[in-house]
Amino acid sequence: MTLHRLVLLRHAKAEPAGVVVDHERPLALVGRRQASAVGAALAAAGLAPTHVLCSSALRTRQTWEIARTALGAAGATAPVVSVTDDLYDASTGDLAAILQSLPEEASTVLVVGHEPTMSQAAGALAGDASDEAVLARVRGGVPTAAWTVLEGDGAWDLVAPGALRLVRLEVPA
């Protein structure tokens with residue numbers, strides 16, 4: 001059985017709402033630094049993605065592009081990237097359905113999305129073997145540029161509430 005890893009990343013810090021429509025909000029300078037740090041941290045953790053699912057919002061696309069650059073040699077093999085409107089307002093159920101359609105060779109999947117979906121999905125997908133301290137922290141929501149790691153031994157089409165192990169939460173300094 002293949003170990004699958006799911007990394008749920010909330011986009012980095014964006015410019016304040018109100019100046020442009022929400023979907024087109026760019027990253028703030030601090031968000032650009034956060035995104036670069038995320039890429040370096042994913043590389044150091046051995047979590048270079050094989051597949052990326054990214055919301056179509058500007059701030060999520062920018063988060064991924066900056067993180068991808070920071071992945072450097074760890075991301076030497078270009079991942080399969082899917083930018084989709086479906087993740088912009090996704091519910092946990094919507095995200096689970098997207099994950100269920102992933103191919104078996106998708107060993108490490110990075111989802112770049114929004115709150116509250118990222119924390120709610122991490123909490124909902126977490127099963128009994130999850131790290132309880134991490135689960136308690138995730139249930140309170142996650143800040144910008146925070147990422148969680150969930151693992152599963154079954155096929156992607158079996159992803160459902162409680163089916164994965166929540167093993168890690170990284171919050172930017």
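Listed by first and then second residue, the pairs with beta-carbon distance under 6 Å, at least 6 apart or on different chains, first residue in region 150-161 and within 16 Å of Gly93 (Cα to Cα) and open to solvent by less than 50 Å² (accessible area, probe 1.4 Å), second at pLDDT 95 or above and basic (Lys, Arg), form an empty list. Taken over region 120-149, the residue count meeting the criterion of being open to solvent by 50 Å² or more (accessible area, probe 1.4 Å) and over 29 Å from Arg25 (Cβ atoms) is 6.
Within region 6-16, which residues are in a loop (DSSP other than H, G, I, E, B) and either crowded, with 24+ Cβ neighbours inside 10 Å or of a type in the set (Gly, Ala, Ser) (or both)? Walk me through it before giving the result.
Narrowing region 6-16 to residues in a loop (DSSP other than H, G, I, E, B): 11-13, 15-16.
Within region 6-16, His11, Ala12 qualify.
Of the residues in region 17-32, at least one is modelled with pLDDT of 95 or more, β-branched (Val, Ile, Thr) and either closer than 20 Å to Pro116 by Cβ or open to solvent by 20 Å² or more (accessible area, probe 1.4 Å) (or both).
Val112 fulfils the conditions (1) under 12 Å from the mean Cα position of the chain (by Cα); (2) more than 29 Å from Pro26 (Cβ to Cβ) except for a single criterion, (2). Residue count for region 33-63, restricted to those that are over 15 Å from Tyr88 (Cβ atoms) and either part of a strand (DSSP E or B) or open to solvent by 20 Å² or more (accessible area, probe 1.4 Å) (or both): 14.
Leu102 meets each of the listed conditions (1) open to solvent by 60 Å² or more (accessible area, probe 1.4 Å); (2) hydrophobic (A, V, I, L, M, F, W, C); (3) within 14 Å of Arg5 (Cβ to Cβ) apart from (1).
The values are calculated or read from the model by the stated rules, or taken from the named source; none is laboratory data. Here the structure is a predicted model, which is why all the values come from computation and not from measurement. Glycine gets a Cβ as well: all are built from the backbone with ideal geometry, and neighbour counts include every protein chain shown. The protein model used for the area step is the full one, side chains on, heavy atoms only, and it has no ligands, DNA or RNA in it. Shrake-Rupley method; radii C 1.70, N 1.55, O 1.52, S 1.80 Å.
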